[in-house]
Amino acid sequence: MGDPRKSFPRRFVPPDAEMGRWEEIERVGQILLATQPDSVEALERWLEDVSELMACVAEERTRRYIAMTSQTDDPEREQAYLTFVREVEPKVKLLWHRLEEVYVQNPHRRSLPERYRLLDRKMENRVALFREENIPLEIQEAELKQRYQKITGGMTVIYRGEERTLQQIAKVLEDPDRSTRQEAWGLITGRWLQEREALEAIFEDLRKVRQQIAENAGFLTYLEYVFRRYERFDYTPEDCLRFHAVVENHVVPRVERLLRERQALLGVEDLRPWDLDVDPLGRPPLRPFRQVRELLDSAEEVFRQIDPEFAAYFRFMREQGLLDLETRKGKAPGGYQSELSERRWPFIFMNAAGLDRDVRTLLHEAGHAIHTFLTREEPLLPYRHAPLEFAEVASMGMELLAAPYFHMFYPNPGDARRAYRYRLEEIFFLLPVVAMVDAFQHWIYTHPDHTSEERKRAWREIHSRFWPVVDWKGYEEARDFWWHRWRHIFLYPFYFIEYGIAQLGALQVWLRSREDYRDAVSRYREALALGGTCPLPALFAAAGGQFSFEEEVVVPLLDALSAELETFR
């Protein structure tokens, strides 16, 4: 077992250098720039020194980001984050570019061992994309994204005389009483619509900034640019369109059947947006915990069953305060796992409100966290991070590997079965959402001069293509701006297709686990430990799967999922 307490003392960066101050970063960077590695061995050592500096700076930024998202209404935290983004990060980006140029121009680069081939491709790609004039535009983009988080993090509603965050009131959407659900849904939706003009304005500015970044780098559209920036070397925009078609042809009809079944079980004439989270048989909502401590205790036991080392890692996170799970006013919505890169520790952020989905969120983010622990010994920071398409296999695979142990959260066997069925249904519901959000972004960024009204019309058409049955009559405006809730569109453009690709990988891990659970866990663990040292097809293969969008791979997975659902009615 790797020791999570093992420290990685600074070997090159001075121990007392403050990474929030540009002057100290620059002093270390200048030493690297002045160094001319004169052998393969010297170049390898130089790359490790660069990686150390990058990790130190990245951890400083991450700490400020965590503090800001943990309390978006704290002006000091906001200012500390924005100061780094505005005053330090632009100079750091220029430094990284100069260091990458030094590497690309080094005569010993081509003689490095085979292990460096992927790193070489990454650095060559980044040098080709870099434009100094994009740095101020990226500052604008970061500030706009922070404004989105500040607005959404401050959203509350008054429900029956009590102020609640949107995460807290989401519990009410599981209430068996339909009028109660509608009341809560209306409050949540009304609160989002209250901010629609502000969010539309933010997005208008974001898309203009992003288009200009792409043009500065020599691309016609931001879509073309982002595929290069995200280093999507193993698939193309056309592959994404094929994924959309597979989802439309093979997943959407199954989702329609599930929704019609839900409608029949509920006994309603029309299935409405507030009918999607309630148990269709009228059973009380699943409540896996009252206090976050209970959620943590149960999760730790689940990880112990999957792999004792996973439980040890999770226990370490609890002891070190690397979890911020409770929802509260002013906290940014959603959840994420981030890395404190210098210490090589993960951090999990989420908004737990006592819901079944909180269990899945924690398992998901813990999959990312364990991925971080398993790559701690890798000296090169870029190789400690797998491509996003496989990083999400770590998280989604963990959700499914945990399924046999849902009784840790739900001692009642019937509740555990319900939770498992919900998880399987959620996979069917996720894939159309992934295709819908990705298709919408394809449209947005291949129509750079579109108007707000055209964007609304495009969303409406794409939404109807991928999300059937649900009746939005009387709430058309809410439907037209529903995409405002998908924070990835604002914060991480085009980072959504990864969830669909990874879900296919996670399903392959799940199928293998049904044949030989221990072998599936072993392969999963070994694949995660590879970090970013292999291309996507090799990472999927290491986990026992296949990297493919094709029907002959996808449809058998859907058939297996459908068959499993039939046994859990």
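Any read-out appearing in this document is the output of simple, stated calculations on the displayed coordinates, not a laboratory observation. Predicted, not measured: the structure shown is a model, and the values here were computed from it. When we count neighbours, we look across all protein chains shown, and the Cβ atoms used for this are built from the backbone with ideal geometry, even at glycine.
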Practice task
Using the structure shown, decide if A541 is crowded, with 16+ Cβ neighbours inside 10 Å and either under 19 Å from the mean Cα position of the chain (by Cα) or not polar (S, T, N, Q) (or both).
Solution key: no
Fill in the blank from the handout: The number of residues in region 384-418 that are more than 16 Å from A543 (Cα to Cα), crowded, with 23+ Cβ neighbours inside 10 Å and touching an Asp or Glu at 6+ places or on another chain (Cβ under 9 Å) is 2
Problem - Whichever residue in region 143-161 is touching a Phe, Trp or Tyr at 6+ places or on another chain (Cβ under 9 Å) and crowded, with 17+ Cβ neighbours inside 10 Å and, among such residues, is farthest from F227 (Cα to Cα) - result: T152
Practice task
Please note which helices (runs of 4 or more DSSP H) are completely contained in region 392-489 and include at least 1 residues that are charged (D, E, K, R), touching a Cys at 6+ places or on another chain (Cβ under 8 Å) and under 26 Å from E195 (Cα atoms).
Solution key: 413-446
Fill in the blank from the handout: For region 162-181 the number of residues that are surrounded by fewer than 17 Cβ atoms within 10 Å (Cβ to Cβ), farther than 17 Å from P333 by Cα and either acidic (D, E) or out of contact with any Pro (no Cβ under 8 Å at 6 or more places or on another chain) (or both) is 5
Practice task
Check region 311-330 and report whether any residue there is surrounded by 18 or more Cβ atoms within 10 Å (Cβ to Cβ), touching a Pro at 6+ places or on another chain (Cβ under 6 Å) and either assigned to a strand (DSSP E or B) or of a type in the set (D, E) (or both).
Solution key: no
Practice task
Answer yes if at least one residue in region 297-307 is under 23 Å from K6 (Cβ atoms), free of Cβ contacts under 8 Å to residues at least 40 places away in the same chain and out of contact with any Pro (no Cβ under 6 Å at 6 or more places or on another chain), and no otherwise.
Solution key: yes
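Anything in region 117-157 that is among the hydroxyl-bearing types (S, T, Y) and either on the phi > 0 side of the Ramachandran plot or in a helix (DSSP H, G or I) (or both)? List them, or say none.
Y148, T152
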Exercise for the section: Determine whether R485 is surrounded by fewer than 19 Cβ atoms within 10 Å (Cβ to Cβ), under 25 Å from E365 (Cα atoms) and without any contact (Cβ under 8 Å) to a residue 24 or more places away in the chain. Expected result: no
Handout entry: Which listed residue, of E378, E339, E389, is closer than 30 Å to L43 by Cβ, touching a Lys or Arg at 6+ places or on another chain (Cβ under 6 Å) and of a type in the set (D, E)
Key = E378
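In region 233-245, which residue that is surrounded by fewer than 21 Cβ atoms within 10 Å (Cβ to Cβ) and in contact (Cβ under 8 Å) with a residue 40 or more places away in the chain is nearest to R131 (Cα to Cα)? Write out each step before concluding.
To start, the set of residues in region 233-245 that are surrounded by fewer than 21 Cβ atoms within 10 Å (Cβ to Cβ) comprises 233-239, 241-242, 245.
Next, only the ones that are in contact (Cβ under 8 Å) with a residue 40 or more places away in the chain stay: 233-235, 237, 239, 241-242.
Numbers: F233: 21, D234: 24, Y235: 25, P237: 23, D239: 28, L241: 29, R242: 32 Å.
The selected residue is F233.
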Problem - Every residue from region 54-99 that is closer than 30 Å to P37 by Cα, surrounded by 16 or more Cβ atoms within 10 Å (Cβ to Cβ) and aliphatic (A, V, I, L, M) - result: M54, A55, V57, A58, V88, V92, L95, L99
Exercise for the section: Keeping to region 347-365, report how many residues are under 14 Å from the mean Cα position of the chain (by Cα) and not in a helix (DSSP H, G or I). Expected result: 4
Problem - From the options V50, V40, V28, V102, residue that is within 30 Å of E124 (Cβ to Cβ), within 27 Å of the chain's Cα centre (by Cα) and of a type in the set (V, I, T) - result: V50
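Search region 12-40 for residues being among the hydrophobic types (A, V, I, L, M, F, W, C) and part of a helix (DSSP H, G or I), and hand back the single one that is farthest from R63 (Cα to Cα). Spell out the reasoning first.
Filtering region 12-40 down to residues among the hydrophobic types (A, V, I, L, M, F, W, C) leaves 12-13, 17, 19, 22, 25, 28, 31-34, 40.
Subset that is part of a helix (DSSP H, G or I): 22, 25, 28, 31-34, 40.
Working: W22: 16, I25: 17, V28: 21, I31: 26, L32: 25, L33: 27, A34: 30, V40: 35 Å.
Filtering region 12-40 for residues that are among the hydrophobic types (A, V, I, L, M, F, W, C) and part of a helix (DSSP H, G or I), the one farthest from R63 (Cα to Cα) comes out as V40.
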Exercise for the section: Can you work out which of the residues in region 490-518 that are assigned to a helix (DSSP H, G or I) and of a type in the set (F, W, Y) is farthest from A142 (Cα to Cα)? Expected result: Y517
Practice task
For region 309-324, enumerate the residues that are under 20 Å from R360 (Cα atoms) and either free of Cβ contacts under 8 Å to residues at least 24 places away in the same chain or β-branched (V, I, T) (or both).
Solution key: A311, R315, R318
Exercise for the section: Among the residues of region 544-556, count how many are assigned to a helix (DSSP H, G or I) and under 23 Å from the mean Cα position of the chain (by Cα). Expected result: 1
Exercise for the section: Being touching a strand residue (DSSP E or B) at 6+ places or on another chain (Cβ under 9 Å) and of a type in the set (F, W, Y) narrows it down to one of F289, F303, so name that one. Expected result: F289
Exercise for the section: Select from region 250-286 the residues that are touching a residue at least 60 places away in the same chain (Cβ under 8 Å) and surrounded by fewer than 15 Cβ atoms within 10 Å (Cβ to Cβ) and write down the one among them that is farthest from the chain's Cα centre (by Cα). Expected result: V268
